[in-house]
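For reference, the structure is listed below as structure tokens.
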Amino acid sequence: MTGREKAVNEIKRRKKEAEEKRIRIIDDLRKDGYFDKLYREINALKWDYIKTPQTQKRAETEEKISAKENEINKYIKEKGVPYNIFEMPVLCNKCNDSGTVNGKICECAEKIRKEIMLNENPMLRNYPTGFDKTDFSYYGKNEKEKRTCAEYIEKSLKSGKKIFIFAGKTGTGKTYFAGTFIRALIESGKDARAISAIKLNKELLEYHCAPLERKKELWETITEADAILIDDLGAEQVLNNVTIPYILEMLTERAENKVTVITTNLSPVELEKRYGQRIVSRLLDKKLSVGIEFGGEDLRISKK
């Protein structure tokens with residue numbers, strides 16, 4: 001299920017919740033005898049309205065309904081209930097709670113989509129919403145170099161690159177850059193996922209062992225996001241008939257139209273030794289891939 005579909009479902013859930021709240025308020029108010037009397041009178045008038053075909057008489061009935069509703073709203077307001085119980089709750093007037101406006105996702109649904117993405121990928125909350133919000137001074141003497149890296153990443157994405165490999169020693173800023181990149185893609189309207197290589201490996205094993213009827217659902221969960229960050233590739237255990245074949249399948253499936261971002265401490269030689277030539281060939285595709293080597297000191301130590 002896409003982030004947009006999840007957002008629309010969440011709008012429906014919130015709308016249902018708001019309607020249930022309205023019903024609970026009415027049920028509670030009807031314990032008041034005077035309110036209940038007015039409410040029953042309004043329902044009687046509504047019955048007269050829907051069974052009356054004559055336009056003139058309908059208009060008169062509608063006026064009576066409006067007057068009674070005003071009376072009851074005034075009464076409940078005096079009792080501390082600032083709530084129009086006769087209006088169905090509308091959460092967004094722009095899309096009327098459909099989640100779309102003129103075929104495009106409404107800003108209310110887009111806001112919910114971003115919330116869902118961050119709830120599903122909590123690690124991304126720790127990163128800026130884009131490189132334009134990044135404090136490059138953190139990198140000290142490497143500030144200019146990191147700014148150049150960020151510009152190169154953004155230009156490469158615009159030019160159609162799909163595989164981004166951030167390689168280097170521990171603590172040199174790979175994951176921070178990758179997380180910022182993925183967070184920026186979420187902000188731009190993309191569905192994204194951030195997962196450690198160790199956790200991904202567990203999901204691939206679950207897929208491998210799953211019954212046939214669950215495989216499609218599990219595979220879509222693993223691969224369907226517009227952009228995915230696989231953090232610390234090489235830290236996971238290589239499982240026979242699982243890790244290498246499924247990572248290869250995943251990279252192949254995503255290569256043409258989805259973004260895959262990988263951080264790793266391994267060099268190309270070490271990657272080939274661990275995963276084989278076919279995976280490395282995918283990762284080093286000149287048409288689709290961008291590689292950035294992160295050097296320098298361990299920032300997590302030097303900034304303490």
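Structure above, values below:
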read-out	value
For the stretch 133-196, with +1 on Lys and Arg beta carbons and -1 on Asp and Glu, the positive-most of Thr175, Ile163, Ser188 along the dipole	Ile163
Under-5 Å amide H pairs with Ile163, H placed in peptide plane, nonlocal only	Thr260, Ser289, Val290
Candidate aspartates and glutamates for bridging to Lys94, where Cα separation is under 17 Å - those fewer than 8 sequence places away on the same chain excluded	Glu10, Glu107, Glu110
For the chain, the Rg and Dmax computed from alpha carbons only, in angstrom	28.2, 86
The stretch 37-96: Cα Rg divided by the 2.2 N^0.38 Å rule of thumb	1.32
Residue-normalised accessible area of the chain, given per residue in Å² at a 1.4 Å probe	59
Interchain or long-range residues, amide H under 5 Å from Thr100's placed H	Cys106
Compactness of the stretch 141-211, expressed as Rg and Dmax over alpha-carbon positions, Å	15.2, 53
For Cys92, residues with placed amide H under 5 Å, excluding near neighbours	Asp97
For the stretch 280-288, Karplus couplings with θ = phi - 60° (6.51, -1.76, 1.60), whole Hz, Gly/Pro x	4, 4, 5, 5, 9, 5, 5, 6, 10
Asn93 paired with Asp28, simple spin-label distance in nm, labels 7 Å along Cα-to-beta-carbon	2.6
Accessible-area composition of the chain, carbon plus sulfur, in percent [1.4 Å probe]	51
Hull-based mean projected area of the stretch 196-296, where the convex hull spans the alpha carbons, in square nanometres	6.6
Sum of -39500 (n - 2.57) over DSSP H runs of 4+, divided by residues of the chain (222 nm, nearest 500)	-18000 deg cm²/dmol
GNM result for the chain, Cα springs below 10 Å: residue of Lys287, Lys161, Lys79 fluctuating most strongly	Lys79
Karplus 3J(HN,Hα) series, Hz, for the stretch 216-231 with 6.51 cos²θ - 1.76 cosθ + 1.60 (x for Gly, Pro)	4, 4, 5, 5, 5, 4, 6, 10, 6, 4, 4, 9, 9, 10, 9, 8
Intensity falloff of the stretch 23-122 expressed as log10 I(q)/I(0), Debye formula with alpha-carbon point scatterers, at q = 0.11, 0.13, 0.18, 0.23 Å⁻¹	-0.56, -0.70, -0.90, -1.09
Residue-wise HN-Hα coupling along the stretch 40-50, computed from phi with Karplus coefficients 6.51, -1.76, 1.60 (Hz; x: Gly, Pro)	5, 5, 5, 5, 5, 5, 5, 5, 4, 5, 6
Percent of C-alpha pairs per 10 Å bin, the stretch 107-186, short to long	16, 46, 31, 6, 0
Point-to-point label distance, Val238-Lys21, nm (Cα→Cβ direction, 7 Å offset)	5.5
On Cα atoms only, tilt of 243-254 relative to the major axis of the chain in degrees	60
Per-pair calculated FRET efficiency, R0 = 22 Å: Ser159 and Glu293 via Cβ, rounded to 0.05	0.65
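The values are calculated or read from the model by the stated rules, or taken from the named source; none is laboratory data. As the structure is a computational prediction, the values presented were derived from the model and not from experiment. When we count neighbours, we look across all protein chains shown, and the Cβ atoms used for this are built from the backbone with ideal geometry, even at glycine. SASA here: full protein model, heavy atoms, side chains in, ligands and nucleic acids out. Shrake-Rupley method; radii C 1.70, N 1.55, O 1.52, S 1.80 Å.
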